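A quick write-up on the structure given underneath.
Read-outs throughout are calculated quantities, based only on the coordinates presented, and are distinct from any laboratory measurement. Note that the coordinates shown come from a computational prediction; the quantities given were computed from them, not determined experimentally. Because the Cβ atoms are built from the backbone with ideal geometry, glycine has one as well, and the counts that use them run over all protein chains shown.
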Amino acid sequence: MRTLVALSFVVALASAASGAVIVQDDFESYTSQAQFESAWPPVTAGLSGAWSTAQASSPTHSVFYAKTPATNNNYKTFAETSGSDAQPLEWSFKFYDSVIYANRNYAQLMDYAPTTNQNLQMGVYNTAPGQSNTYYSARVAFMPGGGTAPGWFLLNDPGASTRSVGWHELKAVIKSTTIDYYVDGLLSKAGVAYLSGTATVSFEQMRLNGGVTSTNDAYIDDVLLQTTPEPAGLALLALGLLLRRR
């Protein structure tokens with residue numbers, strides 16, 4: 001009887017720690033450009049990415065951002081959310097790198113609260129320190145609490161995935177004060193500090209593309225923003241130990 005109660009508790013713990021999807025889109029559910037823009041309005045009227053079948057990570061659609069005009073971008077707003085060590089916020093998307101060149105193509109996770117103004121960006125950017133032809137880039141902007149944001153940096157830790165023509169997954173795991181970045185599933189920059197002082201960072205908008213000039217085309221697909229709490233793994237470990245003991 002005690003074992004059954006313990007099993008019920010562990011299963012309940014794992015279920016409660018299952019996380020929540022906040023934004024998820026593979027751009028397959030739309031039937032027209034107008035329907036896509038209804039879900040992802042252009043930041044500036046008339047300057048939207050194109051719902052496209054020219055490239056796709058998960059068949060058959062993605063969003064195309066042409067180098068002319070490169071100021072196209074789209075957004076989606078959601079309820080304020082933040083990450084913590086116990087419940088990290090995971091933001092990822094697939095990015096089609098069309099030409100290996102020091103260009104400017106990226107996506108953004110943002111907040112507009114006056115005390116934070118947080119802006120996280122991932123993709124490629126031509127002023128990232130070092131050679132952005134080799135590695136993907138990220139940026140932390142508008143550091144709250146009086147700290148200094150690192151700006152653009154390369155995702156170039158030892159073993160990091162390098163740039164190549166084709167689809168790549170870029171992912172940020174956002175914790176209480178730091179972010180771990182992954183490229184194609186490989187840890188590519190660990191422990192980037194993004195919070196200083198006592199301010200709480202939260203996010204409320206995702207943007208596709210940067211809305212800045214670029215020399216290259218790009219595609220974005222399979223965007224995802226979700227909470228991924230650590231206790232789920234601990235609960236499953238506890239379940240395994242309990243079953244072994246039983």
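Can you run the Rg to Rh ratio on segment 19-228? Use alpha carbon positions and the Kirkwood inverse-distance Rh.
Taking Rh as the inverse mean 1/r over Cα pairs, Rg/Rh reads 0.94.
Nearest 0.05, what FRET efficiency do Thr213 and Val99 give at R0 = 22 Å with Cβ-Cβ as r?
Efficiency for this residue pair is about 0.90.
What dipole magnitude, in Debye to the nearest 20, does segment 19-228 give about its Cα centre under +1 on Lys/Arg Cβ and -1 on Asp/Glu Cβ?
I would put it at about 520 debye.
Just to confirm a number: summing +1 for Lys and Arg and -1 for Asp and Glu over residues other than Ala138 whose beta-carbon lies under 14 angstrom from that of Ala138, what do you get?
Combined, the nearby Lys, Arg, Asp and Glu give +2.
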